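Below: the structure, in structure tokens.
The values are calculated or read from the model by the stated rules, or taken from the named source; none is laboratory data. In this text the structure is predicted, and so the values were computed from the model without any measurement. Virtual Cβ from ideal backbone geometry, glycine too; neighbours counted across all protein chains shown.
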Amino acid sequence: GRINTIRTAGSKLVFVDFTVGDGMIQGVVQLSTLQEHDPSITIDSFKAFSKTARKGDSWLLKGHIHRTERGQLSILATQSPTLLSPSLHQIPESLEDPEARARNRHVDMLVNPEAIETIKVRHQIETKMQDFFNKLGFTKVTTPLLSSMAGGATARPFETVATEFSEETLNLRIAPELWLKRLVVGGMDKVYEIGPAFRNEGVDATHNPEFNICEFYQAYATLEDLLQTTTQLLYALNEHIHELSEQKKLQHLKRIDLNTTTPSGERDLNWPATFPTIEFIPALEEKLKITLPDLQSPDAHSQILAIFTEKDISVPANPTLPRLLDALAAEYLEPLSSSHPLFITHHPACMSPLSKHFVCPKTSQTVAARAELFYQGCEYANMYEEENSPFEQRRKFEAQLQLRSESKDQEAMKLDEQYLRTLEWGLPPTGGWGCGVDRLVMLFSGRERMGDVLAFGTLRNVVGLGKV
């Protein structure tokens, strides 16, 4: 095992705590016992071990089970310990700086046990998610990471070139959505995938250009079905992490419990059994104390932009209508999730080019059959009833092309002819759902920065490693 601590008791007795797997075991190295089995061992060779061994070294200790005078179960060495691998650096007593921890994750793991537990929480969450969807009858699939067209989300893709197709620009996927819906067209009514996605955007506490995403698609599922499945999944994850904490398998992270008041020192979320729901436009109008213009009209953009001036709100970069509406939601709606999860539903149609739309009877606005789940201002899941008409989807793609042309918005979707041809074969009414796995790990491990739940930190940290 790896030495965690080493203590001498006089000149002829050494106690060593070894880290082995998830546990700790004490080794007892006693000169008299060693000499009983090998008379050639001298006091000098014995002292050489106590002087040489240090924290971080890996040693082989052979002996038998022994209980000390204090009753601690140990291994009593019957042979001289053998050095397997030395640590050439002194392990620090503490490592607190977030950047230093991310740049030296191996040291962070040796010093801070919560670093290892966070990685294990990720494993447990992904395993539980797979178990959850498998029990619901879903099939786990793997779809391409590289293709000539990046679709399924409004984001700027990474571009690359393959030696086999040197004349064609390839994209790393920004979402698996269009691939998964092709499988539904092909007759797989319930599919899901957990895997990486890449978006050429900034790095902050909740964003990284490389991240893990989970998406599922279910034929004949409605928006209400998606809301219910989301709630059930979160509580299933909570119960699983709670059980691990009770079993002392997670001892160094802030334990959370979504539906009970927790003891002092633990985070109390006290979430309701069902999460509150607000509708995008009515809730925004209530906060702004105005009636929004017809968001399908030609002058909607200028009228929404005027609200920013009137309310003294910072205008986002490249202020397209969808970006302006998203900024208003961030300012007025997302903060409503500060104390409990909140579903925001029925976004304006222009914000959801892949979802079904309908005219809201309350506002007479064209809105999407869509919902997003927020908690403490952070988005955890996005879901909607999928647009399955090839004609409507073409129209929406063309609107995205116009947006891309007029505003130079590199995040607007391109027109995917192959996907449109797939829709011609008939996509059943389908509910689609996606969430960032990394954010779920943040939530259930109590970590506040995405870099803390990624094995080697954010892209900034990873790039920094190459400069050492």
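Answer yes if at least one residue in region 89-108 is assigned to a strand (DSSP E or B), on the phi < 0 side of the Ramachandran plot and at pLDDT 90 or above, and no otherwise. For region 89-108, residues assigned to a strand (DSSP E or B), on the phi < 0 side of the Ramachandran plot and at pLDDT 90 or above: absent. Examine region 162-172 for a residue that is among the hydrophobic types (A, V, I, L, M, F, W, C), modelled with pLDDT of 95 or more, surrounded by 14 or more Cβ atoms within 10 Å (Cβ to Cβ) and under 21 Å from the mean Cα position of the chain (by Cα), and state whether such a residue exists. There is at least one residue in region 162-172 that is among the hydrophobic types (A, V, I, L, M, F, W, C), modelled with pLDDT of 95 or more, surrounded by 14 or more Cβ atoms within 10 Å (Cβ to Cβ) and under 21 Å from the mean Cα position of the chain (by Cα). A Cβ distance below 7 Å, combined with a sequence gap of six or more or placement on separate chains, defines the contacts here; from region 173-202, residues that are free of Cβ contacts under 8 Å to residues at least 60 places away in the same chain and farther than 13 Å from GLY434 by Cβ reach residues that are β-branched (Val, Ile, Thr) and surrounded by fewer than 22 Cβ atoms within 10 Å (Cβ to Cβ) in the pairs LEU183/VAL141; MET188/THR139; LYS190/THR139.
Just so you know, in region 145-157 the residues that are of a type outside the set (Ser, Thr, Tyr) and under 20 Å from the mean Cα position of the chain (by Cα) include one that is surrounded by the fewest Cβ atoms within 10 Å (Cβ to Cβ), and it is LEU145. Within region 198-229, the set of residues being touching a His at 6+ places or on another chain (Cβ under 9 Å) and loosely packed, with under 15 Cβ neighbours inside 10 Å comprises GLU201 only. Would you check if THR78 is among the β-branched types (Val, Ile, Thr), in contact with a helix residue (DSSP H, G or I) (Cβ under 9 Å, 6 or more places away or on another chain) and outside the structural domain of ASN238 (by TED's automatic domain parsing)? Judged against the criteria, THR78 is a match. In the set (1) crowded, with 16+ Cβ neighbours inside 10 Å; (2) without any contact (Cβ under 8 Å) to a residue 12 or more places away in the chain, GLU417 fails one condition alone, (1).
If the condition is being surrounded by 18 or more Cβ atoms within 10 Å (Cβ to Cβ) and aromatic (Phe, Trp, Tyr), then region 1-21 contributes only PHE18.
Of the residues making up region 125-138, those that are exposed (fewer than 14 other Cβ atoms within 10 Å of the Cβ) and among the polar types (S, T, N, Q) are THR127, ASN134. Considering the conditions (1) closer than 14 Å to ALA349 by Cβ; (2) exposed (fewer than 15 other Cβ atoms within 10 Å of the Cβ); (3) at pLDDT 95 or above, ALA368 is excluded by exactly one of them, (2).
The residue list LYS140, LYS128, LYS135 contains one member that is touching a His at 6+ places or on another chain (Cβ under 6 Å) and of a type in the set (Lys, Arg), which is LYS128.
Might you check whether a residue that is assigned to a loop (DSSP other than H, G, I, E, B), surrounded by fewer than 11 Cβ atoms within 10 Å (Cβ to Cβ) and of a type in the set (Ser, Thr, Tyr) occurs anywhere in region 22-41? Yes, some residue in region 22-41 is assigned to a loop (DSSP other than H, G, I, E, B), surrounded by fewer than 11 Cβ atoms within 10 Å (Cβ to Cβ) and of a type in the set (Ser, Thr, Tyr). Taking first residues from region 392-407 that are among the basic types (Lys, Arg) and partners that are modelled with pLDDT under 90, the Cβ contacts under 9 Å between residues at least 6 apart in sequence or on separate chains come to ARG394/LEU415; LYS396/MET413; ARG404/GLN410; ARG404/GLU411; ARG404/ALA412; ARG404/MET413; ARG404/LYS414. Of the residues making up region 431-447, those that are under 12 Å from the mean Cα position of the chain (by Cα) and either on the phi > 0 side of the Ramachandran plot or not in a helix (DSSP H, G or I) (or both) are GLY434, CYS435, GLY436, ARG447.
Once region 420-455 is narrowed to residues that are surrounded by 15 or more Cβ atoms within 10 Å (Cβ to Cβ) and aromatic (Phe, Trp, Tyr), the residue that is modelled with the lowest pLDDT is PHE444. Of all residues in region 125-152, those that are touching a residue at least 24 places away in the same chain (Cβ under 8 Å) and either part of a helix (DSSP H, G or I) or farther than 14 Å from GLU193 by Cβ (or both) total 14. Within region 337-388, the set of residues being in contact with a strand residue (DSSP E or B) (Cβ under 7 Å, 6 or more places away or on another chain) and among the small types (Gly, Ala, Ser) comprises SER337, ALA349, SER352, SER355, ALA368, ALA369, ALA371, ALA381.
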